[in-house]
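See below for the structure under consideration.
The values are calculated or read from the model by the stated rules, or taken from the named source; none is laboratory data. In this text the structure is predicted, and so the values were computed from the model without any measurement. Cβ sites come from the backbone with ideal geometry, for glycine too, and all protein chains shown count toward neighbours.
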Amino acid sequence: MRLSEAIPKLESLNVEGAKVFLRVDMNLPIDSSGEIMDETKVRQAARTVRELLNRGAAVVVGTHQGRPGKTDFVSTERHAQILSEILGQEVVWVDSVLGRSAREAIDSLRPGEVLFLENLRFHSEENIEGPPDLLLRTHFVKRLAPLFDAYVNDAFQAAHRSQPSLVAFPYILPSAAGRLMEDMIREMEEIDSAEGSRLFILGGAKVLDKLRVMEHALRSGRVYEVLCGGLIGIIMAMAAGNRIEAQLPPLKEFQIVLLAARGILEKFDGRVFYPVDFIVEGEDGRRIVAPVYSVPRGRIGDIGPGTVEVFADRIRLADVVVANGPMGIFEEPEYRRGTIEIVRAAASARRESILCGGHLSVAASLAKVGGARVYTAGGAVMYRLAGLPLPAVDALIGGRGP
């Protein structure tokens, strides 16, 4: 049975007069000045919120924003304001996840009302990844679950994570997929059925995720070639033995990551491409184009023009192109060119072009590309198309159901 058939549907869930915990993904891209770059995820989630309200539910919205230690790890107060503007009704925001103020606000919520919790990852347990039986024992789940009558997961963008708010609740509450979750599962099945040579373009800073996707997709034969930019591109270049003296963002277990990257290059020789040049901001503030074999001290801001040309040539040979993650520091406008040029090239794939993730959604808009499938989901799309599991989807199917 296909996932789209097995997933519990929203129409099967009785929500009239019920308090519903709606897990969404409103993890929005934020620029270097702290401004939200794109509100698409809020608009997408509003569809399920409206349906639940129209069916007589009291809706408590929960999302994460960023990761601890990152500049986009901020409050969800602004997210609640945006949702309120989209819905055209009051959305009460509470500056807690499961403290007394949050629990009292949930308890007093009435049908037709919306409550928005603080950033779920502000509670440390939400950053734990593990199997459902472990996450069911967290204070996060034990204290929140009794306050609700039902659970809806509309956070397809985070479906590749196995965290308390994503995988525990379906085992103890009547549960269903939200409309975005349902639509995205169906779309992934459509893309999976597309014939022809498939190429992945991987960028951004989530190196461990990208290495896992790359290795599994190449080993399983789901892709024939991978192009790497962003931090993962730098790591692959270093793994190949290139001299890069530029400062890199902090990366846990760097030597282990480098060893894993080297193993992928050796195992899949000739199928993984990394940048041939970079735009480097020197210690004196000047920007230069540096060849990959001699990158000086400073900060790498973007891929260089030579890389854009090489990558575009590889893209032209592919039938299906799937891209996720920026090629450089996309939050800074002066380092967006590489990403936008690669997005334009990817959008001209012979059969299917898929641009996924918050940054590429923005880049697609800036580049004014047409004909591509553009998704705010990034990691979940890549995991699904690489053949890796989606724990949040598995929990919905394996849990209590409606």
- Counting just the residues of the range 359-402 that are in a loop (DSSP other than H, G, I, E, B) and of a type in the set (A, V, I, L, M, F, W, C), which one comes out farthest from GLU215 (Cα to Cα)? VAL369
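Go over the candidates LEU98, LEU83 one by one and state the one that is assigned to a helix (DSSP H, G or I) and in contact with a helix residue (DSSP H, G or I) (Cβ under 7 Å, 6 or more places away or on another chain).
Of the residues listed, the single one that is assigned to a helix (DSSP H, G or I) and in contact with a helix residue (DSSP H, G or I) (Cβ under 7 Å, 6 or more places away or on another chain) is LEU83.
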- Determine which member of the set GLY358, GLY401 is crowded, with 24+ Cβ neighbours inside 10 Å and at pLDDT below 90. GLY358
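Condition check ((1) of a type outside the set (Lys, Arg); (2) surrounded by 15 or more Cβ atoms within 10 Å (Cβ to Cβ)) across all residues:
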site: PRO249; (1), (2): yes, no
site: VAL257; (1), (2): yes, yes
site: ALA260; (1), (2): yes, yes
site: LYS267; (1), (2): no, no
site: GLY270; (1), (2): yes, no
site: PHE273; (1), (2): yes, yes
site: PHE278; (1), (2): yes, yes
site: TYR293; (1), (2): yes, no
site: ILE300; (1), (2): yes, yes
- Message: Residue pairs, Cβ under 6 Å, 6 or more apart or interchain, first in the range 372-385 and closer than 12 Å to ALA155 by Cβ and not assigned by TED's automatic domain parsing to the domain that holds ILE315, second in a loop (DSSP other than H, G, I, E, B) and at pLDDT below 95. List them.
- Response: none
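To keep it simple, each residue is scored yes or no on (1) within 20 Å of the chain's Cα centre (by Cα); (2) within 18 Å of ALA377 (Cβ to Cβ).
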{"residue": "GLY34", "(1), (2)": "yes, no"}
{"residue": "ARG50", "(1), (2)": "no, no"}
{"residue": "ARG67", "(1), (2)": "yes, yes"}
{"residue": "SER84", "(1), (2)": "no, no"}
{"residue": "ARG103", "(1), (2)": "no, no"}
- Query: Can you tell me which residues in the range 13-56 are of a type in the set (Ser, Thr, Tyr) and modelled with pLDDT under 95?
  - Reply: SER32, SER33, THR40
- Task: Pick out, from the range 281-327, the strands (runs of 3 or more DSSP E) lying fully within it that include 2 or more residues that are under 20 Å from ALA372 (Cβ atoms).
- Result: 320-324
- Here are some conditions: (1) more than 30 Å from ALA45 (Cβ to Cβ); (2) surrounded by fewer than 18 Cβ atoms within 10 Å (Cβ to Cβ); (3) among the hydrophobic types (A, V, I, L, M, F, W, C); (4) without any contact (Cβ under 8 Å) to a residue 40 or more places away in the chain. LEU317 meets all but one. Which one does it not meet? (4)
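Restricting to strands (runs of 3 or more DSSP E) lying wholly in the range 142-239: which have 1 or more residues that are within 30 Å of VAL60 (Cα to Cα) and among the small types (Gly, Ala, Ser)?
Working: elements: 150-153, 175-177, 198-202, 225-228.
Where strands (runs of 3 or more DSSP E) fall fully within the range 142-239 and carry at least 1 residues being within 30 Å of VAL60 (Cα to Cα) and among the small types (Gly, Ala, Ser), they are 150-153, 175-177.
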